Amino acid sequence: MSTGAIEYLPAIAGHDEGTRGTVTNHRMREVTDQVAAGGIWDGEVRSEVRILFDSLAPGWSATRDHPSRSAPLLDALDRGGVEGRTAVELGAGTCISARHLVGRFDRYVAADLSPVMLANAVDGAPPLVCTDASQLPLADDVVDVFILQNMLLFPAEVDRCLAAGGALVWVNSRGPETPIHLSTPDVLASLEAVSGGEWKALASTVGEATWAVVRRA
């Protein structure tokens with residue numbers, strides 16, 4: 001099915017076994033919308049987000065590292081036709097997906113704002129970078145694949161660093177119930193607002209998870 005610049009592929013069954021949260025009055029949903037729209041991301045908000053994820057880091061893998069966790073991401077890579085030499089995962093947390101991705105790309109780097117998340121990275125984690133995704137330590141046009149799972153979208157940096165023909169892989173593990181969530185139309189709108197160009201997406205679901213592979217049109 002196609003809706004404008006978005007082509008929706010058939011859904012497949014799946015189930016995330018991890019601990020379930022709630023989005024009721026969730027502060028991170030507010031921050032997600034704010035950042036994607038080019039709103040305030042200053043030292044105070046950055047510190048708020050870092051402190052939150054620092055506090056969650058010690059138990060992060062215990063509640064999320066299970067066989068089905070990476071199924072939506074792997075489906076997005078496969079059915080979305082994602083290829084490239086250099087991949088960067090933003091908001092990688094404890095790098096649960098790393099074991100599936102390290103051998104898939106020539107260069108795969110995991111980045112996160114929280115140093116405590118990276119300090120708790122699982123075995124087999126790739127090179128780690130602690131950085132603010134609003135100001136990536138990357139040159140222009142060098143990333144073939146950006147991977148963002150339940151991660152804030154900083155559209156200007158994605159647009160700046162993404163190589164020609166590159167792809168943004170956007171995954172929300174609980175779909176609209178994910179605290180850090182943007183719909184596929186909202187992801188496209190955010191990127192188009194900063195780039196001045198058109199973007200397109202392939203999208204689908206794995207159980208309750210949603211994914212989109214987004215490219216310049």
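Structure notes:
- Highest average packing first - 176-183, 129-136, Cβ atoms within 10 Å: 176-183, 129-136
- In order along the range 158-163, phi translates into HN-Hα couplings of 4, 5, 5, 8, 6, 5 Hz, rounded to whole numbers, per the Karplus curve 6.51 cos²θ - 1.76 cosθ + 1.60 with θ = phi - 60° and x for Gly and Pro.
- Assuming charge only on the beta carbon of Lys and Arg (+1) and of Asp and Glu (-1), the dipole of the range 77-217 about its Cα centre is about 260 debye to the nearest 20.
- Estimated purely from DSSP H runs of n ≥ 4, each contributing -39500 (n - 2.57), the mean residue ellipticity at 222 nm for the chain is -8500 deg cm²/dmol once divided by its residues.
- Listed values (1) 22, 20, 19; (2) 28, 22, 16; (3) 33, 31, 14, entry calculated as semi-axes √(5λ) of the Cα gyration tensor in Å: (1)
- Ligands, DNA and RNA excluded, the heavy atoms of D112 present near 20 Å² of accessible surface to a 1.4 Å solvent probe.
- Portion, in percent, of the accessible area of the range 1-157 that falls on carbon or sulfur, probe 1.4 Å: 53
- Residue with peak Gaussian network fluctuation, the chain [Cα springs, cutoff 10 Å], from V145, V158, V194: V194
- Taking all Cα pairs closer than 8 Å and separated by 6 or more residues, the relative contact order of the chain comes to 27 percent.
- Enclosed volume per residue, in Å³, of the convex hull spanned by Cα atoms of the range 131-217: 83
- Summing +1 for each Lys or Arg and -1 for each Asp or Glu among the other residues whose beta-carbon sits under 11 angstrom from that of G166 gives -1.
- Solvent-accessible surface (1.4 angstrom probe) belonging to E208, in square angstrom, nearest 10: 60
- Highest-MSF residue in the chain out of G196, G59, G166 [GNM, Cα springs under 10 Å]: G196
- Surface listing: I6, I40 arranged by accessible area from highest to lowest gives I40, I6, probe 1.4 Å.
- For the range 167-179, 3J(HN,Hα) computed residue by residue from phi via the Karplus equation (6.51, -1.76, 1.60; θ = phi - 60°) reads 9, 9, 9, 10, 10, 10, 5, 10, x, x, 7, 6, x Hz, glycine and proline entered as x.
- Rounded Å value of the spacing that divides the Cα centres of the range 31-89 and the range 108-172: 9
- Accessible area per residue in Å² at 1.4 Å probe, computed on the chain: 45
- In this view, the solvent-accessible surface of V214, computed with a 1.4 Å probe and all protein chains in place, comes to about 0 Å².
The values are calculated or read from the model by the stated rules, or taken from the named source; none is laboratory data. Small disclaimer: the values here were computed from a predicted structure and weren't measured. When we count neighbours, we look across all protein chains shown, and the Cβ atoms used for this are built from the backbone with ideal geometry, even at glycine. Accessible surface areas use protein heavy atoms only, side chains included; no ligands, DNA or RNA. Shrake-Rupley method; radii C 1.70, N 1.55, O 1.52, S 1.80 Å.
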